[in-house]
1. Starting from the amide H of Trp59, placed 1.01 Å from N in the peptide plane, find each other amide H under 5 Å away whose residue is 5 or more places distant or on another chain.
2. Which whole-number percent gives the relative contact order of region 9-139, counting Cα pairs below 8 Å spaced six or more residues apart?
3. Near Lys18, which lysines are there with a Cα under 20 Å away, not counting those fewer than 8 places off in the same chain?
4. Report the full-extension gain for the segment Lys90 to Asn137: residue separation times 0.36 nm, less the Cα-Cα distance, to one decimal in nm.
5. Give, in whole angstrom and from largest to smallest, the semi-axes √(5λ) of the equivalent ellipsoid of the chain, with λ running over the eigenvalues of the Cα gyration tensor.
6. Spelling out what I want: for every residue of region 57-62, take phi, set θ = phi - 60°, compute 6.51 cos²θ - 1.76 cosθ + 1.60 (Karplus), and round to whole Hz; glycine and proline get x.
7. Taking the Cα of Leu122, stepping 7 Å toward and past its beta carbon, and measuring to each backbone N in region 101-116: which are under 18 Å?
8. Could you derive backbone 3J(HN,Hα) for region 115-125 from the dihedral phi with the Karplus parameters 6.51, -1.76 and 1.60 (θ = phi - 60°), listing whole Hz in sequence and x where the residue is Gly or Pro?
Amino acid sequence: MATNTPEHKKFVFVQNEKRNDIYDLKGEPDSRLFHYFRISTPRKPFLIKQGARFVIESWSGHEKTSFTGLIPIKIEGWYYGDLLLKRANKQPAKSFLIANINGNETTLYLFPNFTLYPAKRLNFCHLFAKKIIEQNNNLNK
């Protein structure tokens, strides 16, 4: 990744065998942010108006801990959104998120300290996705 790529965390999720709308964190959970998420189509008018194709959300017990609409970019299977995270005894935090939904596996790239003007988001996401695809292709050679 280029040196000017903002710091980010990568989380890989696999589709739950019993509920295909649930994706579970793969491997050892190294995060208290979320261990799974549910994916659905947007129902709220503001999400539809923003162009969201999917909504992802997660819970801890009966409390929703994360939520975002996923807006498609110019590459099939790639989306972006602003992930709202609720943490115990803290104010909710918003993080920029890029998601790659690829069959039964979804990878989330979380940029916790990154702010990007809305007009620049699509281009940034497109370049980031292309770089990840290129890296993956080089690994598979």
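1. The answer is Thr65.
2. Once divided by the residue count of region 9-139, the mean separation gives 19 percent.
3. Lys26
4. Length difference between fully extended and current span is 12.9 nm.
5. 22, 18, 16
6. Ordered by residue, 3J(HN,Hα) equals 8, 9, 9, 10, x, 9 Hz.
7. 116
8. My calculation for region 115-125 gives 10, 9, 4, x, 5, 9, 5, 4, 5, 4, 4 Hz in order.
No lab work stands behind these numbers, since they all come straight from the coordinates. Quantities reported herein were computed from a predicted structural model and do not represent experimental measurements. FYI the Cβ positions are ideal-geometry reconstructions off the backbone, even for glycines, and counts take in every protein chain you see.
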